[in-house]
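Scroll down for the structure; my scribbles are underneath it.
The values are calculated or read from the model by the stated rules, or taken from the named source; none is laboratory data. Just so we're clear, the structure is a prediction, and the values are computed from it rather than from any experiment. Glycine gets a Cβ as well: all are built from the backbone with ideal geometry, and neighbour counts include every protein chain shown. Side chains are part of the model used for accessible areas, which takes the heavy atoms of the whole protein and leaves out ligands, DNA and RNA. Shrake-Rupley method; radii C 1.70, N 1.55, O 1.52, S 1.80 Å.
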Amino acid sequence: MNEKNTNRVIFLISVAVPLLVAALFFTPAVHLNINTEFLPKLNAILNSSVAVFLLAGLYFIKNKNRKAHKISMLTAFSLSAIFLISYVLYHTSSDATLFGDSNFDGVVDEAEKSVLGASRSVYFFILITHIFLAAAILPFILISLSRALSMRFDKHKKIARITWPLWFYVAVTGVIVYLMISPYYPH
C-alpha cells in the first residue's frame, strides 16, 4: 500500500475509534450473559504492561538494539489493541461507575463530594487528560508504526519523539484512573 492510501486508512481508523468509544457513553449498557466485572482490572494490567513495553522499547532503541525495540513496540501496540477491545466490551455491557459514589446509588451527592476533597479535582484532571490524549495519540501510534514497518526510520524517529511520551502518559494515567476509581466499582 502506498503512503497516501496508508494515511487514508490511518485517518479513518483515527476518526472511527474515538467516535465508537464516545458513542458508548451515550448509549445504554447492553447487559450480556457474561461476567465482565474483571475487565477493569485486566485493563489496568494491560495498561501497566504497555507502559513496561514502552520503557523497554525506549531502552532498546537507545542501546541500538532494533530487533528488541521492534518486538517491544509491537507488543505494546498489540496489548493496546487488546485493551481497546476489552475497554469497549466492558463499557458496552456495564453501567458507568462514578468516582466518589461510595454508596453505589448512581449519584455522587454533596456528602460524598465533601469526603473526596481535592482528590476529586485530581481524578478529573487525570481522567480528562487521559481521555483526550488517548484519542489524540491513535494517529501518532499508527503513523509511527507504519513508518517503522516501511523502514522509513528517519520519518519514524521524528514522529516517535512525539508519540512515545504521549503514549506512555496515556498508559500510566490509565492505571492511575483505575486505581482511583476501583473502590467505587460495585462488588
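Computed quantities for the displayed model
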read-out	value
Filtered trypsin sites (Lys or Arg not before Pro), the stretch 1-103: DSSP coil and at most 13 other beta carbons within 10 Å	Lys64
Loop-located GluC sites (Glu not before Pro) in the stretch 23-131 whose Cβ has at most 14 other Cβ within 10 Å (DSSP)	Glu37
Using distinct alpha-carbon pairs, which all enter the 1/r mean, Kirkwood radius of the chain in Å	18.0
Rounded percent of accessible protein surface that carbon and sulfur make up, the stretch 107-187, 1.4 Å probe	74
With Cα atoms, 0 to 90° folded angle of helix 118-149 axis to the chain main axis	30
Accessible surface of Ile143 - all protein chains present, 1.4 Å probe, nearest 10 Å²	40
Dipole moment magnitude, nearest 20 debye, the stretch 1-92 about Cα centre, only Lys, Arg, Asp, Glu C-beta charged	560
Where chymotrypsin sites (Phe, Trp or Tyr not before Pro) in DSSP loops with at most 13 other Cβ within 10 Å are excluded, longest remaining stretch of the chain	105-187
Farthest toward positive dipole pole in the chain [+1 Lys/Arg, -1 Asp/Glu at C-beta], among Met180, Ile128, Val115	Ile128
Assigned charges on the beta-carbon of Lys, Arg, Asp, Glu; the chain dipole about Cα centre (debye)	1680
With Cα atoms, 0 to 90° folded angle of helix 3-24 axis to the chain main axis	10
The chain: angle of helix 39-62 to the longest principal axis, Cα-based, in degrees nearest 10	30
Separation of the Lys70 and Leu12 label points, Cα + 7 Å toward Cβ, nm	2.7
Trypsin sites (Lys or Arg not before Pro) restricted to DSSP loop in the stretch 95-152 with at most 10 other C-beta within 10 Å	none
Cβ-based charge dipole, the stretch 1-120, positive-most Cα from Leu24, Ala51, Thr92	Ala51
The chain, relative contact order [Cα under 8 Å, separation at least 6], %	28
